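Visitor: The structure that follows is given in the form of structure tokens.
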Amino acid sequence: MQSRARIDWVVLGVLVIIWGSAFAGLKIAVDGIHPFWVSAFRLWVAAFTLWIVSASRGEQLPPVTFDSQGVWFAYAMLGLVGFAAPFFMFSTAATSLPSAVNAICNGASPVFTVLMAHMFLQDEKMTARKGVGVALGFAGLLVLVGPRLLAGVAIEAAALGLAIGAAVLYAASNIMMRKTPQVSSTVGALMMCLTGAILATIGALVLEGPPPLPPFWPLVVTIVLGVFSSGLGTVGWVWLIQRRGAVFTSMTVYLLPLWATVIGVGLMHERPGWSAFAALALILGGVGLTTARPKSVAQAV
């Protein structure tokens, strides 16, 4: 039992490193590739990576159907809400925001998850502790957004809105995942990335047109993001949710802003203002309250 628990924590730690580092990678990728195409490219790379993994394991995709109650429709919706749309939003925000601030906005997604779970899931109703956590999380967002709005920084305020909106979509995908037919973690990740890639490509072609030849290093970083963050990271996410549930898996988001801030400040020499660090503390406190379980429950895991 203890060895199983250690494996879960190892996977969670790997996800924190992969996803937390992705925000710094996005900052490099969008410097040479349009955000629309960064989203599309990384999802196609992720889908190809997952196809290789699933083929090596002898797993096959379910037959393609267009039934609104079928498994493909469910995972296509997850591909849109959990991948194509938020990837575009975070990539666009990365052109104006430091990677650490982008990650802090993402760190608020468990707070939105609690609110949506209260509205849509019968077994995840709001409690007083969760209510305090939600309040702290929103206070953190206000501290992060407020000074920029008061200063009239329109472009950065819009970027913040995109990053926060992406966090809301991530929260929605967590709720949707609870109601989605279960398949193997690799097949589920492949279906989400493949449908997300198709949708992201259609959107990029309509809104931006065909991409020019990308510069070398932004392309390399985009490929790395596709293989690890979008591809293998999604397998770990689906695997952990199916194995330990959404509460345990949400701890990745709890730790992401810390890791991303370390990367942004230590390696990319970013210097977020005091409001970013205050927002980080409030959001982490809020997420801690909303995701923590009573000791009696935690000890039973």
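Visitor: In the stretch 72-104, how many residues are within 22 Å of Arg271 (Cα to Cα), among the hydroxyl-bearing types (Ser, Thr, Tyr) and assigned to a helix (DSSP H, G or I)?
Guide: Residues that pass the stated criteria total 3.
Visitor: State whether one or more residues within the stretch 64-76 are in contact (Cβ under 8 Å) with a residue 24 or more places away in the chain, within 26 Å of Arg178 (Cα to Cα) and out of contact with any Pro (no Cβ under 8 Å at 6 or more places or on another chain).
Guide: Scanning the stretch 64-76 turns up at least one residue that is in contact (Cβ under 8 Å) with a residue 24 or more places away in the chain, within 26 Å of Arg178 (Cα to Cα) and out of contact with any Pro (no Cβ under 8 Å at 6 or more places or on another chain).
Visitor: List pairs: first in the stretch 17-36 and on the phi > 0 side of the Ramachandran plot, second surrounded by fewer than 23 Cβ atoms within 10 Å (Cβ to Cβ) and among the aliphatic types (A, V, I, L, M), Cβ under 7 Å, 6+ apart or cross-chain?
Guide: That search, which allows pairs on different chains as well, returns nothing.
Visitor: Of all the residues that make up the stretch 119-141, how many are closer than 17 Å to Phe277 by Cα and either in contact with a Pro (Cβ under 9 Å, 6 or more places away or on another chain) or at pLDDT below 75 (or both)?
Guide: So the count comes out to 2.
Yes/no per residue for (1) touching a strand residue (DSSP E or B) at 6+ places or on another chain (Cβ under 8 Å); (2) surrounded by 15 or more Cβ atoms within 10 Å (Cβ to Cβ); (3) among the acidic types (Asp, Glu):
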site: Ala94; (1), (2), (3): no, yes, no
site: Pro98; (1), (2), (3): no, yes, no
site: Asn102; (1), (2), (3): no, yes, no
site: Pro110; (1), (2), (3): no, yes, no
site: Met119; (1), (2), (3): no, no, no
site: Glu124; (1), (2), (3): no, yes, yes
site: Ala128; (1), (2), (3): no, no, no
site: Val132; (1), (2), (3): no, no, no
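Visitor: Do you know which of the residues in the stretch 255-277 that are modelled with pLDDT under 75, within 17 Å of the chain's Cα centre (by Cα) and surrounded by fewer than 22 Cβ atoms within 10 Å (Cβ to Cβ) is farthest from Lys27 (Cα to Cα)?
Guide: Leu255
Visitor: Another one. How do the helices (runs of 4 or more DSSP H) wholly within the stretch 148-231 filter down when requiring 2 or more residues that are of a type in the set (A, V, I, L, M), surrounded by fewer than 19 Cβ atoms within 10 Å (Cβ to Cβ) and modelled with pLDDT of 95 or more: which remain?
Guide: 185-207, 216-224
Visitor: Within the stretch 24-72, can you find the residues that are within 21 Å of Pro210 (Cα to Cα) and not hydrophobic (A, V, I, L, M, F, W, C)?
Guide: Once the filter is applied, which keeps residues that are within 21 Å of Pro210 (Cα to Cα) and not hydrophobic (A, V, I, L, M, F, W, C), the stretch 24-72 yields Asp31, Gly32, His34, Pro35, Ser39, Arg42.
The values are calculated or read from the model by the stated rules, or taken from the named source; none is laboratory data. The structure displayed is predicted, hence computed values, not measured ones. Note: ideal-geometry Cβ built from the backbone for every residue, glycine included; neighbour counts use all protein chains shown.
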